[in-house]
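The values are calculated or read from the model by the stated rules, or taken from the named source; none is laboratory data. Worth saying up front: this structure is predicted, and the values here are computed from it rather than measured. A quick note on method: Cβ atoms are made from the backbone with ideal geometry, for glycine too, and the neighbour counts reach across all protein chains shown. Keep in mind that these areas ignore ligands, DNA and RNA; they rest on the heavy atoms of the full protein, side chains included. Shrake-Rupley method; radii C 1.70, N 1.55, O 1.52, S 1.80 Å.
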Amino acid sequence: MLIRTKHIPVIGEYEVVVCGGGPAGFVAAIAAARCGAKTALIERYGFLGGMATAGAVAPVTEFMHDGRLVVGGIPLEFVRRLEKSGKGTMCTPRGNFVCHPEGYKLEAQRMVLEAGVDLFLHAYLSDCVIENDRISHVIFESKSGTRALSARYVIDATGDGDIAAMAGVPMQDYQCPLQPSTLYFVLGNVKTEMIRGYYPGQPGSSMKHVRQKLNELSRTQEVPQFGGPWCLAGMGEGMAIVNMSRMAIDWTDEVQATRGECQLRENIDKLVKLLRENFEEFSEATLLSTATQVGIRETRHIRGVHVLTGEEYKSAFYFQDSIARCSHPIDIHSDKDNSQICIYLDKAAYLPYRSIIAEGFPNLLVPSRCFSADREAFASARVQASVMGLGQAAGAAAAICCEDGGGVKDVDIKRLQEILITWGAYLAEDE
Ligand SMILES: Cc1cc2nc3c(=O)[nH]c(=O)nc-3n(C[C@H](O)[C@H](O)[C@H](O)COP(=O)(O)OP(=O)(O)OC[C@H]3O[C@@H](n4cnc5c(N)ncnc54)[C@H](O)[C@@H]3O)c2cc1C
């Protein structure tokens with residue numbers, strides 16, 4: 001055991017510190033700042049967007065149910081701005097938004113800076129300090145050394161619940177496998193004219209014939225585990241972003257994470273060869289890049305005041321403290337083989353405020369994919385539009401707490417819902 005002690009400079013005092021600048025985090029920071037809270041946003045990469053940009057997950061799903069908007073406010077404003085600048089397209093009737101990761105990075109950054117958020121990029125969160133049951137500081141590593149920010153309220157939007165875990169928030173133990181991860185890759189020289197629409201009105205394809213053929217080949221030769229494949233074309237001439245590789249890894253373990261990155265890169269080498277050799281549309285394809293990091297679907301989940309269940313979810317149970325909606329199907333990718341379970345929802349589900357807070361942690365909100373849900377509910381609510389909805393609620397709730405001075409559990413829910421509805425969130429109970 002090596003023990004190291006050192007003095008850490010506190011370089012800023014904030015009302016709200018948002019940890020992680022993915023879909024949940026950057027929206028949370030905008031929301032808190034627009035409510036008047038002095039807000040900082042800390043992100044390990046040099047850009048915002050989380051899995052959407054670092055992981056190259058191009059689709060932002062789903063804003064609509066049967067053609068009717070169910071996610072509104074800042075998340076919708078974000079994609080409308082992208083659309084207006086020609087950097088993305090909203091597809092009906094499910095409200096799937098497709099955009100280029102580069103457009104995403106720029107627009108997210110613009111909105112965060114316009115809101116007056118202090119942005120800390122290239123800042124890796126490594127610890128937090130607890131004083132009297134509250135997280136008083138968050139600590140990060142940067143090229144300048146170890147640094148701390150003081151915080152009245154903390155929003156953990158790291159996706160993996162890093163700050164919550166460091167603070168000692170209890171995590172759920174599902175006794176079941178995590179959803180597998182996927183390293184996205186980008187191909188050039190694809191005959192994109194041969195690829196049918198994946199989302200209505202969009203180039204791209206679910207490539208069922210590719211799936212069928214690869215499954216056949218796997219009986220006689222080595223084919224790495226894969227999902228889909230899903231292929232988004234139309235981002236540039238001959239270019240396609242491919243969601244295909246698949247591997248079950250626990251990303252909170254650095255040994256597994258290293259093995260996963262290396263193995264998936266090897267697998268992509270094999271998959272690209274298989275695509276070139278077996279399918280006319282990919283016969284001249286070249287690998288342009290892999291994503292900055294493997295796309296992680298699932299790691300930790302906090303045990304919140306409420307654990308959202310699949311039953312509540314599928315019945316679209318209306319909670320008095322509903323703060324966000326979601327209409328993405330329950331979408332479970334197998335950790336063992338190439339299969340996937342996809343259950344479409346009859347109605348858009350409601351997500352309660354109590355699922356983003358934990359008992360005994362009065363100044364912490366956890367709105368990102370690590371929020372408190374069981375496996376089924378998570379398998380739907382994990383997607384971008386819903387975690388952005390949770391993020392905007394967390395930001396507004398933290399700002400209310402700054403005014404009231406109370407714990408996150410005591411927040412005036414009616415006031416929070418009024419703010420969200422004013423911004424355009426769709427929280428009314430469906431008939
Ligand atoms: C393969 C794949 C396909 C998907 N397909 C879709 C889809 O079709 N539609 C859809 O809407 N969603 C999809 N998703 C889900 C979606 O991308 C994520 O669920 C969503 O990005 C979650 O957002 P988040 O903000 O909760 O977490 P993340 O996106 O993980 O963001 C977390 C942020 O925190 C930062 N961070 C983490 N730890 C630290 C640290 N210690 N210090 C500093 N910063 C840190 C990260 O860099 C990141 O920016 C997919 C995901 C994967 C992996």
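For (1) assigned to a helix (DSSP H, G or I); (2) in the same structural domain as GLN392 (by TED's automatic domain parsing); (3) in contact with a Gly (Cβ under 8 Å, 6 or more places away or on another chain), each residue gets a yes or a no:
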{"position": "ILE139", "(1), (2), (3)": "no, yes, no"}
{"position": "ARG147", "(1), (2), (3)": "no, yes, no"}
{"position": "ARG152", "(1), (2), (3)": "no, yes, no"}
{"position": "ILE155", "(1), (2), (3)": "no, yes, yes"}
{"position": "THR158", "(1), (2), (3)": "no, yes, yes"}
{"position": "ALA164", "(1), (2), (3)": "yes, yes, no"}
{"position": "VAL169", "(1), (2), (3)": "no, yes, yes"}
{"position": "VAL190", "(1), (2), (3)": "no, no, yes"}
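Flag not set for ALA40, criterion: within 10 Å of the ligand (Cβ to nearest atom) and hydrophobic (A, V, I, L, M, F, W, C). Among residues of segment 214-240 being within 11 Å of the ligand (Cβ to nearest atom) and within 22 Å of GLY88 (Cα to Cα), the one that is surrounded by the fewest Cβ atoms within 10 Å (Cβ to Cβ) is TRP230. Scanning segment 314-331 for residues that are assigned to a strand (DSSP E or B) and basic (Lys, Arg) turns up just one, ARG325. The set of residues in segment 126-154 that are polar (S, T, N, Q) and in contact with a strand residue (DSSP E or B) (Cβ under 7 Å, 6 or more places away or on another chain) comprises SER126, SER136, THR146, SER150. Search segment 126-141 for residues being open to solvent by less than 40 Å² (accessible area, probe 1.4 Å) and free of Cβ contacts under 8 Å to residues at least 60 places away in the same chain, and hand back the single one that is nearest to the ligand (Cβ to nearest atom). Per the stated criteria, the residue is CYS128.
The residues listed here are ALA29, ALA24, ALA108, ALA54; of these, the one that is within 23 Å of CYS370 (Cα to Cα) and out of contact with any Gly (no Cβ under 8 Å at 6 or more places or on another chain) is ALA54. When restricted to residues that are within 15 Å of the ligand (Cβ to nearest atom) and either of a type in the set (Asp, Glu) or surrounded by fewer than 16 Cβ atoms within 10 Å (Cβ to Cβ) (or both), segment 241-263 contains 4. Taken together, the residues in segment 104-125 that are in contact (Cβ under 8 Å) with a residue 12 or more places away in the chain and touching a strand residue (DSSP E or B) at 6+ places or on another chain (Cβ under 9 Å) amount to 15.
What are the pairs, 6+ residues apart or on separate chains, where a residue within segment 152-168 that is touching a residue at least 12 places away in the same chain (Cβ under 8 Å) has its Cβ under 8 Å from a residue that is among the acidic types (Asp, Glu) and away from the ligand (no atom under 11 Å from the Cβ)? Partner pairs satisfying both residue conditions: ARG152/GLU15; TYR153/GLU15. Kindly indicate whether TYR344 is among the aromatic types (Phe, Trp, Tyr) and more than 15 Å from the ligand (Cβ to nearest atom). The answer is no for TYR344.
Each row is one residue, and each column tells you yes or no for (1) among the aromatic types (Phe, Trp, Tyr); (2) near the ligand (Cβ under 9 Å from one of its atoms); (3) within 30 Å of ILE332 (Cβ to Cβ); (4) buried (at least 20 other Cβ atoms within 10 Å of the Cβ).
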| position | (1), (2), (3), (4) |
| --- | --- |
| TYR124 | yes, yes, no, no |
| LEU149 | no, no, no, yes |
| ASP160 | no, yes, yes, no |
| MET171 | no, no, yes, no |
| CYS176 | no, no, yes, no |
| PHE185 | yes, no, yes, yes |
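PHE319: more than 22 Å from ASN243 (Cα to Cα), more than 19 Å from the chain's Cα centre (by Cα), in the same structural domain as ALA157 (by TED's automatic domain parsing) and open to solvent by 30 Å² or more (accessible area, probe 1.4 Å), yes or no? Taking the combined requirement at face value, the residue does not satisfy it. Restricting attention to segment 285-316 and to residues that are polar (S, T, N, Q) and over 30 Å from LYS270 (Cβ atoms), the residue that is least open to solvent (accessible area, probe 1.4 Å) turns out to be THR309. In segment 255-313, of all residues being assigned to a strand (DSSP E or B) and under 20 Å from the mean Cα position of the chain (by Cα), the one that is nearest to LEU364 (Cα to Cα) corresponds to ILE302.
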